[in-house]
Protein chains: 2
Amino acid sequence: MKLQLALFSSLFLNAYFYFCLFLHHHQPPPSLGWAGSAAREAEAVAAIDCSGHGRAFLDGVLDGGGLPVCECNKCYYGSDCSRLLHDCAADADSGDALFFEAYWQQQAASSAVVVSGWHRMSYFTDGKDDLTIELEKHIRILHQAVGNAVTDGKFIVFGAGSAQLINALVYALSPSNASSSPASVVASAPYYPFYKEQTNQFETRAYGWGGTTSDLANASVSSATNFIEFVTSPNNPDGLFKQPVLGTSAVIFDYAYYWPQYSPILDPADEDVMLFSISKISGHAGSRWAVIKDEGVYERTTNYLSLNTMGVSRDTHLRALKLIKVMIAEKGGEGDIFEFGYRTLKARWSKLHELVSSSSRFSLQQHSAQYCNYFGAIRDPSPGNAPSRTNEEEDHTYAWLKCEWKEDEDCHEALRKGSIISRAGARFEADSRYTRLSLIKTQDDFDLLLKRMQPLVSREEMASS
Amino acid sequence: MKLQLALFSSLFLNAYFYFCLFLHHHQPPPSLGWAGSAAREAEAVAAIDCSGHGRAFLDGVLDGGGLPVCECNKCYYGSDCSRLLHDCAADADSGDALFFEAYWQQQAASSAVVVSGWHRMSYFTDGKDDLTIELEKHIRILHQAVGNAVTDGKFIVFGAGSAQLINALVYALSPSNASSSPASVVASAPYYPFYKEQTNQFETRAYGWGGTTSDLANASVSSATNFIEFVTSPNNPDGLFKQPVLGTSAVIFDYAYYWPQYSPILDPADEDVMLFSISKISGHAGSRWAVIKDEGVYERTTNYLSLNTMGVSRDTHLRALKLIKVMIAEKGGEGDIFEFGYRTLKARWSKLHELVSSSSRFSLQQHSAQYCNYFGAIRDPSPGNAPSRTNEEEDHTYAWLKCEWKEDEDCHEALRKGSIISRAGARFEADSRYTRLSLIKTQDDFDLLLKRMQPLVSREEMASS
């Protein structure tokens with residue numbers, strides 16, 4: 001009887017082990033080959049604890065243990081970024097869209113990409129003019145999905161860096177005939193200062209900077225002058241929708257901010273020359289594209305690019321494609337990047353607005369409400385955390401702050417004294433009573449901005465009372 | 001007894017199962033998290049069979065089954081690239097260093113890199129002027145390990161694309177004073193045609209193309225003229241070591257080919273302005289760097305880059321770092337990329353040389369023997385497949401072919417009639433009796449080149465006999 005019991009138990013154990021070994025594990029995950037160690041390395045680096053105030057990168061400087069060190073957010077320090085510098089100025093200067101970091105960490109699995117050692121080594125890709133066929137296709141799908149631009153029947157050009165395509169288009173729209181007078185490149189103030197800085201630097205016999213459009217109204221301009229007008233809409237810094245004012249045909253529409261995070265989406269833009277930037281959609285520096293109608297302009301643009309850099313690194317193509325695929329796949333769902341962006345920035349704006357409204361020292365730009373086709377089409381407008389574009393509309397990218405107090409003539413300087421770094425209105429050829437605060441950097445940057453604004457507002461209340 | 005036997009068997013089986021379950025598998029590989037699916041995706045694409053005449057890429061066009069299609073080598077077609085086009089011309093035109101593909105496939109595990117969705121999203125890196133600290137450090141280590149350049153006390157600038165830095169340096173060396181006469185950009189023929197094409201295209205008030213140095217000897221040149229001289233050494237197309245001929249201070253030394261695959265390494269280069277290109281070392285298009293001694297020139301170069309593209313994509317930094325780390329780690333061992341390159345190209349050169357020598361129609365450049373510090377220092381010179389630089393020296397990058405037959409005045413055209421695409425000597429401002437054949441493309445390209453050369457040589461033998 002004892003023997004029977006023992007046998008029964010043993011057989012039961014046999015069955016259990018058998019189940020464990022052959023049935024439970026009947027589908028082991030396929031073990032990884034050559035890509036495994038790179039994946040493990042990336043995961044080890046991602047797991048490094050930087051206290052939420054920094055992050056470690058695969059190509060960071062190594063510590064004594066051979067792992068990359070934490071790279072801390074501004075004003076934080078220490079091996080795990082847990083310590084806050086006491087007198088550190090809030091930096092609201094650049095338009096570095098780091099608030100998207102949290103989004104991509106949520107999308108870790110779908111947005112990761114493995115670059116093999118032999119990935120696209122050639123100078124040439126499968127597509128025309130060094131743009132891969134799939135990337136071009138997905139850029140068109142993205143515009144269609146968002147509804148912000150018409151790309152049918154137009155050419156797409158992909159450029160390195162955020163700035164290269166700007167000059168490429170100026171070149172392409174300038175007179176190719178050497179005997180023509182140079183094109184005059186202009187914009188309406190306030191405008192993105194880079195247009196002027198770059199045009200001045202790369203000025204050739206074919207084009208040069210011509211000033212602001214309001215300067216032109218006061219000057220006598222030869223009717224033979226060719227103008228190239230930059231129109232940024234929504235505008236950087238003030239977020240207003242803009243139209244060309246000169247009525248000439250050579251207009252470069254910079255739509256870097258015409259995405260649902262930053263702006264209501266009205267009709268899809270359908271202009272001849274349009275610029276977009278991935279850095280403002282996803283937060284990744286380093287690639288822009290242009291949508292161009294005219295074949296001649298397109299060819300001059302790609303010609304410029306081929307002599308300027310011979311195309312964009314293939315790693316960038318591959319990564320941009322992966323990111324755009326995530327944006328398209330997540331559209332309208334839990335992981336919608338546009339909704340993430342809109343919600344994050346709206347919350348920031350509300351806090352800043354509340355603080356600024358508590359005093360008479362500063363004011364912020366306000367826009368009239370406009371219906372957003374992107375969010376309107378996918379959800380009912382409702383109050384609370386659901387995006388709604390039917391109520392009063394704000395700009396969520398940059399705060400275009402005005403100093404209202406008479407003695408604060410230089411608003412940038414007034415903030416600087418309060419340990420806030422902003423971008424002075426004068427840089428945009430605007431009144432120095434204005435200055436720009438970037439709302440799209442890290443949460444730490446934004447929190448510190450609020451903290452530094454607080455005493456400026458309170459102190460001023462006391463001073464004016 | 002039966003019961004005992006059964007119990008014994010069952011216990012034995014349990015012991016075996018226990019061993020399998022808990023002892024044999026006591027160290028399961030750590031299972032992968034977020035990076036796992038990207039790694040599996042990359043491995044699935046790498047496993048696609050393209051018959052050795054093509055490869056599939058992660059960002060390739062998808063077939064009906066959702067996997068990327070094979071992208072075939074030139075002249076091959078079919079879903080697995082197994083079919084050869086009958087009348088396809090051999091293309092020996094571009095300097096696309098695709099022969100390295102095989103090397104990186106061998107180094108699959110060590111050269112793969114995972115780019116996370118949130119990898120270095122900022123416009124800024126941990127280093128100065130957008131170059132990561134680790135990449136800069138490893139560029140210096142690589143030069144030290146190869147012995148081809150002195151970087152101590154010099155600045156490193158990293159540029160997008162293979163062409164951007166060329167113009168950036170011309171800009172940086174041009175007079176910044178607007179009242180100075182423009183700098184005259186020159187080179188000695190035969191020279192890389194890109195210098196002229198790019199300078200002409202981007203010509204500003206500060207510089208323009210000035211022709212070849214031999215043109216200058218015949219012209220009356222104002223002593224006030226500022227010259228910027230390009231010196232490529234070893235030279236493209238003919239592989240000769242070159243020196244500046246004008247004796248002016250503004251010289252851009254392009255050392256794209258001063259690596260042990262292509263050239264004996266003599267003393268480390270120690271010039272004020274030196275250019276290198278990763279595309280020729282590893283085969284990856286898309287990044288160059290400059291080594292610059294003077295701080296003013298360095299600052300003007302980075303200023304140009306910041307207005308031209310605002311730095312290089314971070315994905316490119318990360319990948320370039322990984323590749324350079326492999327090159328350094330494998331140096332002197334089985335996987336030495338320089339030895340791989342040297343062996344591959346020497347074998348190709350020998351075959352072409354043998355074929356060309358069999359007729360009087362063509363001749364190839366020959367250089368005098370020079371000792372290579374790189375290989376000399378790490379192994380005894382010995383015949384056979386071990387690299388030796390003590391015997392007669394050849395150029396292995398490009399064949400600078402001369403048509404010797406009187407009626408073959410246009411050598412490029414003579415080859416074209418035989419279905420070979422070469423790069424005409426006239427493009428380098430050389431005699432049209434010369435043409436350049438690239439030896440660094442895929443094995444298929446090279447094999448087809450030999451196949452198309454064969455009848456040209458044989459037919460000519462008949463014609464001349």
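None of the figures in this text is laboratory data; all of them are computed from the coordinates on show. Computed from a prediction, not measured in an experiment: that's the story for all the values here. Cβ sites come from the backbone with ideal geometry, for glycine too, and all protein chains shown count toward neighbours.
Taking other Cβ within 10 Å of each residue's Cβ, how do A:Val69, A:Val291 sort, fewest first?
Values: A:Val69 20, A:Val291 25.
Arranged by neighbour count, lowest to highest, A:Val69, A:Val291 become A:Val69, A:Val291.
Enumerate the lysines that A:Lys2 could reach by cross-link, defined here as Cα to Cα under 28 Å, with residues fewer than 8 away along the same chain left out.
The qualifying lysines are B:Lys2.
What percentage of all Cα-Cα pairs in segment B:254-355 are separated by more than 19 Å? Don't skip to the answer; put the middle values down first.
Numbers: 2900 of 5151 pairs.
Across segment B:254-355, Cα pairs with separations above 19 Å total 56 percent.
Report, in listed order, any pair from B:Lys346/B:Lys402; A:Lys74/B:Lys325; B:Lys154/B:Lys325; A:Lys331/A:Lys451; A:Lys346/B:Lys128 with a Cα-Cα distance greater than 28 Å.
Details: B:Lys346/B:Lys402 20 Å; A:Lys74/B:Lys325 30 Å; B:Lys154/B:Lys325 21 Å; A:Lys331/A:Lys451 35 Å; A:Lys346/B:Lys128 34 Å.
Over 28 Å apart, Cα to Cα: A:Lys74/B:Lys325; A:Lys331/A:Lys451; A:Lys346/B:Lys128.
Can you give the average number of partner chain beta-carbon atoms within 10 Å of each beta-carbon in peptide A:100-113, as a whole number?
On the way: counts 3, 5, 1, 2, 5, 4, 2, 4, 7, 8, 4, 7, 14, 13.
Going residue by residue through A:100-113 and averaging, the value is 6.
Taking just the alpha-carbon atoms of the protein assembly as shown, what radius of gyration and Dmax come out, in angstrom?
31.4, 118
For the protein assembly as shown, what proportion of DSSP beta bridges, expressed in % and rounded to the nearest 5, is antiparallel? If you can, show how the numbers build up before the last one.
Numbers: 56 of 92 bridges.
Percentage antiparallel, nearest 5: 60.
Rank these for me by crowding, B:Leu321, B:Leu305, going from fewest to most other beta carbons within 10 Å.
Details: B:Leu321 20, B:Leu305 26.
Going from least to most buried by this count: B:Leu321, B:Leu305.
What is the sum of charges around B:Ser51, taking Lys and Arg as +1, Asp and Glu as -1, for the other residues whose C-beta is under 15 Å from the C-beta of B:Ser51?
On the way: positive: B:Arg55, B:Lys74, B:Arg83; negative: B:Asp49, B:Glu71, B:Asp80, B:Glu101, B:Asp444, B:Asp447.
Summing Lys/Arg as +1 and Asp/Glu as -1 gives -3.
How large is ³J(HN,Hα), in whole Hz, for each residue of segment B:435-445 in order, when computed from phi with the Karplus curve 6.51 cos²θ - 1.76 cosθ + 1.60 and θ = phi - 60°, using x for Gly and Pro?
Each residue of segment B:435-445 in turn: 8, 9, 10, 7, 9, 9, 7, 5, 4, 4, 4 Hz.
Give the order of B:Cys403, B:Cys88 when sorted by the count of other beta carbons within 10 angstrom, beginning with the fewest.
Details: B:Cys403 24, B:Cys88 14.
So the residues, fewest neighbours to most, are B:Cys88, B:Cys403.
Residue by residue through segment B:402-407, what is 3J(HN,Hα) from phi via Karplus (6.51 cos²θ - 1.76 cosθ + 1.60, θ = phi - 60°)? Round to whole Hz and write x for glycine and proline.
These are the phi-based 3J(HN,Hα) values: 10, 8, 8, 6, 4, 7 Hz.
What's the longest uninterrupted piece of chain A once you rule out the GluC sites (Glu not before Pro) that are loop residues per DSSP with at most 11 other Cβ within 10 Å?
Numbers: sites that count: A:Glu334, A:Glu392, A:Glu407.
Between exposed loop sites, the widest span is A:1-333.
Other chains' Cβ within 10 Å of B:4-14 residues: what's the mean? Intermediate values should be presented prior to the final figure.
Working: counts 3, 0, 5, 8, 2, 4, 9, 6, 2, 6, 8.
Across B:4-14, the average partner-chain Cβ count within 10 Å equals 5.
In Å and from the alpha-carbon atoms only, list the Rg and Dmax of chain B.
Just the Cα atoms of chain B yield Rg and Dmax of 26.9, 116 Å.
Give me the percent relative contact order of chain A, please, defined on Cα pairs under 8 angstrom at least 6 residues apart. Spell out each step's value before the answer.
Working: 771 pairs, mean separation 84.4, N = 465.
Reported as a whole number, the value is 18 percent.
What's the average, rounded to a whole number, of partner chain beta-carbon atoms within 10 Å of each residue's beta-carbon in B:53-62?
Partner Cβ neighbours, averaged per residue: 6.
Net charge near B:Ser116, counting Lys/Arg +1 and Asp/Glu -1 over other residues with Cβ under 15 Å of its Cβ?
Around B:Ser116, the charge tally is 0.
Return the calculated 222 nm mean residue ellipticity for chain A, to the nearest 500 deg cm²/dmol, obtained by summing -39500 (n - 2.57) across DSSP H runs with n ≥ 4 and dividing by the residue count. Provide the component values of the computation, followed by the final result.
Working: 15 runs with 168 residues, N = 465.
Rounded to the nearest 500, it is -11000 deg cm²/dmol.
Checking the a/c ratio against 1.5 first, then a/b against b/c, what shape does the Cα gyration tensor give for segment B:36-88? Mind showing how you got there, number by number?
Working: a/c = 3.07, a/b = 2.40, b/c = 1.28.
Prolate is the answer for segment B:36-88, as a/c is 1.5 or above and a/b outweighs b/c.
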